[in-house]
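Q: I have a structure here, written as structure tokens, and I will follow up with some questions on it.
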Amino acid sequence: MGGYGDVQCIDENGMRLDGRTKDEVRPVSIETGVVPVADGSARIRWGLNDCIAAVYGPMEAHPRKIQRQDRAVLDVRYNMAPFSTTDRIRPGFNRRSREISKVTAEALESVVLTELYPRSKIRVEIEIICAEAGTRCAGITAASVALAHAGIPMTDMVVSVASGKVHDIVVCDLNKEEDNYGEADLPMGILPNTGELVFLQMDGDLSPEQFQQAWDYNMEAAEVIHKEMVRALKGGDE
Amino acid sequence: MKGGSVARLDNMSGDNGADGPRRSRQAPLLVAPGDDLGDSGEYEAGHGVLAINGRLRALKQGRMNNRGGTVSIEPRRTAYVPRPSDLVVGYIEGCTSNIWFVDIGGPFNAILPMSLGPSKAEFGGIRKVLDIGDAILCRVQEVEENHSSVVTMKGMGLRAIRSGSVEEIDPHLLGRLIGRGGNNLRQLKEDTECRVVAGDNGRVWLDGDLAGIINARDRLNALLTEAKIDDFGGDV
């Protein structure tokens, strides 16, 4: 798929390029309060991904036409810093960041109690500092923590993870090579306390069995990441 | 917050009676949004808690309290939402010929009509009465269903703030600032010889001589630090 011939992403013992087994998540660490002027903020480091999310509001929604009389709207802006990848990214909104902003807003709106703040908006800014595959998942996860840190009432936090397929083997939490040269990618947004889904995308093809396997990997990974999110919010080592 | 050998009041005396007041003495239980807090049949859902499918779920990050059969969360951070009769400190953000727009820290600017303002102005002279950037002490008159609110300056003690300093704290910390029966606030006023007006939106007007204001401000900052330490279990 990548066009560079056959990149061997996983060896015969099931060891991956970064030394993980196929069901292992990259190391995740989260901290809150990294943007002191924001109402809430969080930074997630997930493998080589580095992502900061800041939340402002609720505030009056501008322009007027985006206001909803019965609820608040989430104004999500996902952006990759120009220096976040080896190829420089042209600054500004593009097709991809627009799409990710939209799916992120929809995923988060299903947990935030928006009806408490009619006519207002909650501004969520997600900035990718360093990208290594799965930035939309890192963005959604960081945004959930930032919303919680801002004290915005929400029924649960969204944990987002992507699993996929490389050389016909299903692997958990794709890294850069696996994302580039692999065959499929399945990002999911999971509510860890109930196991509900609020976000699901698929890129590539998976057989029903492989889909189930990727699904299970995502569910397991979500638990690990949720632990770290809760630890970050509670500020201690429990 | 690791159980066992922590030196807490209830751990130090050898006799831990089975039904002693242990529950209330435990270190604060911190929760994150989505945490399960128990069966909704057993307890009432208070602030920051919602009953979903027979279970109580946390909506906010903060400390869980369980008093009188009601489970509630004292949040770590809150946004101010205006309610009628709240005393607030606002800043004038803009005006038309007969209305001021006031930032009271909520999601929306409140309006202050000329009829509820401090004095009548001639046509075109509204900024001579209250100019953009002025701080005012006002009261929320009404909050409409769509959350837009009207404030008034008709009432005892309501005025434009022309001296002193305005500090901001999170609204949920006002309870600590005021204390039981207003004790802490009275003490603060006596110690610093300052006029201290705590608005419900978390803005606190301090007025007095410079040394007093600085002293009062330091005390407020100490309160904020203290609240932060309490939130994180008291060991940091």
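The values are calculated or read from the model by the stated rules, or taken from the named source; none is laboratory data. Values in this document were obtained by computation on a predicted structure and should not be read as measured data. FYI the Cβ positions are ideal-geometry reconstructions off the backbone, even for glycines, and counts take in every protein chain you see.
Q: Can you find even one residue in region B:85-104 that is surrounded by 17 or more Cβ atoms within 10 Å (Cβ to Cβ), in contact with a helix residue (DSSP H, G or I) (Cβ under 6 Å, 6 or more places away or on another chain) and assigned to a loop (DSSP other than H, G, I, E, B)?
A: no
Q: Okay, next question. Of A:S144, A:S101, A:S29, which residue is under 19 Å from A:L233 (Cα atoms), away from every other protein chain (no Cβ under 11 Å), of a type in the set (S, T, Y) and within 15 Å of the chain's Cα centre (by Cα)? Even if it seems obvious, please write down each step before you answer.
A: Details: A:S144 fails: away from every other protein chain (no Cβ under 11 Å); A:S101 fails: under 19 Å from A:L233 (Cα atoms).
Exactly one of A:S144, A:S101, A:S29 is under 19 Å from A:L233 (Cα atoms), away from every other protein chain (no Cβ under 11 Å), of a type in the set (S, T, Y) and within 15 Å of the chain's Cα centre (by Cα), namely A:S29.
Q: Follow-up question, since we're still on this one. If you go through region B:107-121, how many residues are buried (at least 17 other Cβ atoms within 10 Å of the Cβ) and over 14 Å from B:R139 (Cβ atoms)?
A: The number of residues fulfilling the criteria is 5.
Q: Oh, and also: Residues that are surrounded by fewer than 19 Cβ atoms within 10 Å (Cβ to Cβ) and more than 14 Å from chain B (Cβ to nearest Cβ): does region A:112-131 have at least one?
A: Scanning region A:112-131 turns up at least one residue that is surrounded by fewer than 19 Cβ atoms within 10 Å (Cβ to Cβ) and more than 14 Å from chain B (Cβ to nearest Cβ).
Q: Do we have B:G117 as on the phi > 0 side of the Ramachandran plot and more than 14 Å from chain A (Cβ to nearest Cβ) here? Before the answer, list the steps.
A: Details: on the phi > 0 side of the Ramachandran plot: no; more than 14 Å from chain A (Cβ to nearest Cβ): yes.
When the stated conditions are applied, B:G117 does not pass them.
Q: Separate question: Considering region B:188-202 alone, what residues qualify as being in contact (Cβ under 8 Å) with a residue 24 or more places away in the chain and out of contact with any helix residue (DSSP H, G or I) (no Cβ under 9 Å at 6 or more places or on another chain)?
A: Across region B:188-202, the qualifying residue is only B:V197.
Q: Right, another one. In region A:181-196, how many are over 21 Å from A:R16 (Cβ atoms) and touching a Phe, Trp or Tyr at 6+ places or on another chain (Cβ under 9 Å)?
A: Going through region A:181-196, the residues over 21 Å from A:R16 (Cβ atoms) turn out to be A:189-196.
Okay, now just the ones that are also touching a Phe, Trp or Tyr at 6+ places or on another chain (Cβ under 9 Å), so A:189-190.
Residues that pass the stated criteria total 2.
Q: For region B:148-168, what are the residues that are within 14 Å of another protein chain (Cβ to nearest Cβ) and either buried (at least 19 other Cβ atoms within 10 Å of the Cβ) or among the polar types (S, T, N, Q) (or both)? Reasoning before the result, please.
A: Start the filter on region B:148-168 by keeping residues that are within 14 Å of another protein chain (Cβ to nearest Cβ), which leaves B:148-149, B:168.
Once the filter is applied, which keeps residues that are within 14 Å of another protein chain (Cβ to nearest Cβ) and either buried (at least 19 other Cβ atoms within 10 Å of the Cβ) or among the polar types (S, T, N, Q) (or both), region B:148-168 yields B:S148, B:S149.
Q: Working only within region A:113-141, note down all residues that are closer than 14 Å to A:Y56 by Cα and among the aliphatic types (A, V, I, L, M).
A: A:I122, A:V124, A:I126
Q: Condition test on B:F101, is it more than 30 Å from B:P33 (Cβ to Cβ), of a type outside the set (V, I, T) and touching a strand residue (DSSP E or B) at 6+ places or on another chain (Cβ under 7 Å)? Please lay out each step first, then the result.
A: Details: more than 30 Å from B:P33 (Cβ to Cβ): yes; of a type outside the set (V, I, T): yes; touching a strand residue (DSSP E or B) at 6+ places or on another chain (Cβ under 7 Å): yes.
For B:F101, the condition - more than 30 Å from B:P33 (Cβ to Cβ), of a type outside the set (V, I, T) and touching a strand residue (DSSP E or B) at 6+ places or on another chain (Cβ under 7 Å) - is met.
Q: Being crowded, with 24+ Cβ neighbours inside 10 Å and either in contact with a Pro (Cβ under 8 Å, 6 or more places away or on another chain) or assigned to a strand (DSSP E or B) (or both) narrows it down to one of A:M229, A:M157, so name that one. First the steps, then the outcome.
A: On the way: A:M229 fails: either in contact with a Pro (Cβ under 8 Å, 6 or more places away or on another chain) or assigned to a strand (DSSP E or B) (or both).
Just a single option satisfies the conditions, and that option is A:M157.
Q: How many residues does region A:190-219 contain that are at pLDDT below 95 and part of a helix (DSSP H, G or I)?
A: 0
Q: Another question, if that's okay. Out of all the residues in region B:123-144, which are among the small types (G, A, S) and surrounded by 12 or more Cβ atoms within 10 Å (Cβ to Cβ)? So that I can check it myself, show each step before the final result.
A: Filtering region B:123-144 down to residues among the small types (G, A, S) leaves B:124-125, B:133, B:135.
Hit for region B:123-144 is B:A135, nothing else.
Q: Only residues that are within 14 Å of chain B (Cβ to nearest Cβ) and either small (G, A, S) or in contact with a Ser or Thr (Cβ under 9 Å, 6 or more places away or on another chain) (or both): list them for region A:156-193, please. Walk me through it before giving the result.
A: Within region A:156-193, the first condition is being within 14 Å of chain B (Cβ to nearest Cβ), and the residues that meet it are A:156-159, A:189-193.
Answer for region A:156-193, where residues must be within 14 Å of chain B (Cβ to nearest Cβ) and either small (G, A, S) or in contact with a Ser or Thr (Cβ under 9 Å, 6 or more places away or on another chain) (or both): A:D156, A:M157, A:V158, A:V159, A:G189, A:I190, A:L191, A:N193.
Q: Listed residues B:P107, B:P82; which is modelled with pLDDT under 90 and within 14 Å of chain A (Cβ to nearest Cβ)? I'd like the intermediate steps shown before the answer.
A: Values: B:P82 fails: modelled with pLDDT under 90.
After applying the criteria, what remains is B:P107.
Q: Separate question: Counting only residues that are hydrophobic (A, V, I, L, M, F, W, C) and within 14 Å of another protein chain (Cβ to nearest Cβ), which one in region B:66-79 is farthest from B:S165 (Cα to Cα)?
A: If we filter region B:66-79 for residues that are hydrophobic (A, V, I, L, M, F, W, C), which is where we start, we get B:71, B:73, B:79.
Within this subset, residues satisfying the condition of being within 14 Å of another protein chain (Cβ to nearest Cβ) are B:73, B:79.
Working: B:I73: 31, B:A79: 22 Å.
Looking at the filtered set, the residue picked out is B:I73.
Q: Filter region B:21-50 down to residues that are among the aliphatic types (A, V, I, L, M) and in contact with a helix residue (DSSP H, G or I) (Cβ under 9 Å, 6 or more places away or on another chain) and give me whichever is modelled with the lowest pLDDT. Give the steps one after another, and end with the answer.
A: Narrowing region B:21-50 to residues among the aliphatic types (A, V, I, L, M): B:27, B:29-32, B:37, B:45, B:49-50.
From what's left, in contact with a helix residue (DSSP H, G or I) (Cβ under 9 Å, 6 or more places away or on another chain): B:30-32.
Values: B:L30: 85, B:V31: 89, B:A32: 91.
Step by step, filter region B:21-50, then rank; the result is B:L30.
Q: Show me the strands (runs of 3 or more DSSP E) entirely contained within region B:126-195 in which 1 or more residues are touching a Pro at 6+ places or on another chain (Cβ under 8 Å), modelled with pLDDT of 90 or more and over 23 Å from B:G208 (Cα atoms). Let's see the steps before the verdict.
A: On the way: elements: B:135-143, B:149-152, B:159-161, B:165-168.
Per the criteria, B:135-143, B:149-152.
Q: Do you know which residues across region B:128-156 are free of Cβ contacts under 8 Å to residues at least 24 places away in the same chain and over 24 Å from B:A79 (Cβ atoms)? Working first, answer last.
A: Applying the first criterion (free of Cβ contacts under 8 Å to residues at least 24 places away in the same chain) to region B:128-156 yields B:128-129, B:144-146, B:155-156.
Within region B:128-156, B:K128, B:V129, B:G155, B:M156 meet the criteria.
Q: Hey, another quick one. Quick one: B:N53 ticks every box in (1) over 21 Å from the mean Cα position of the chain (by Cα); (2) within 14 Å of chain A (Cβ to nearest Cβ); (3) modelled with pLDDT of 90 or more bar one, so which box is it?
A: Answer for B:N53: the failing condition is (3).
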